[in-house]
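J.: Here it is, the structure in full.
The values are calculated or read from the model by the stated rules, or taken from the named source; none is laboratory data. Note that this is a predicted model, so its numbers are computed, not measured. Here the Cβ is made from the backbone with ideal geometry for all residues, glycine too, and neighbour counts use every protein chain on show.
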């Protein structure tokens, strides 16, 4: 049977498409990279805050809406809620042993209260996050183009800190998951 744009064997087409989707989820969304201990959305948030917005630990915090807009507009076009929820988690001292984002405003509570909308909160990097990003300009990591080839982003961050060990990570992908507690 010859394949055309409209005709294909269902089993082989489903296998191929499922495998492509699974690999995309595993490598580009759900699981952390062992080299820097971050998921792509976390890496992109930290990178945008550091490089584009210059939100160092000593800088004045900026509206979370601006940070989220920068991230989804240039690096992570998967929706504002995914980016904001990841940023909120990086600001919660009950989620991470060493938070990477210094959140100003309501970033949720251990009791299950959710964070305020991003138009009401502000954020900047913590000094620990700056340690992760410090060697970014020293030709220490590989770079790639972003989703629309208008900007470059690091493949991983040049972390001096064993992020995956100190803060742990959880993630559910297709056919695999991770749950690494902080140490």
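J.: Tell me, yes or no, whether region 165-181 has at least one residue that is outside any helix (DSSP H, G or I), at pLDDT 90 or above and exposed (fewer than 13 other Cβ atoms within 10 Å of the Cβ).
T.: Within region 165-181 (the criterion being outside any helix (DSSP H, G or I), at pLDDT 90 or above and exposed (fewer than 13 other Cβ atoms within 10 Å of the Cβ)), the answer is no, since none of the residues qualifies.
J.: So which strands (runs of 3 or more DSSP E) stay within region 59-149 end to end and still have 1 or more residues that are in contact (Cβ under 8 Å) with a residue 40 or more places away in the chain and touching a strand residue (DSSP E or B) at 6+ places or on another chain (Cβ under 7 Å)?
T.: Here the list reads 101-104, 122-125.
J.: Yes or no: residue 156 surrounded by 15 or more Cβ atoms within 10 Å (Cβ to Cβ) and outside any strand (DSSP E or B)?
T.: Criteria met by residue 156.
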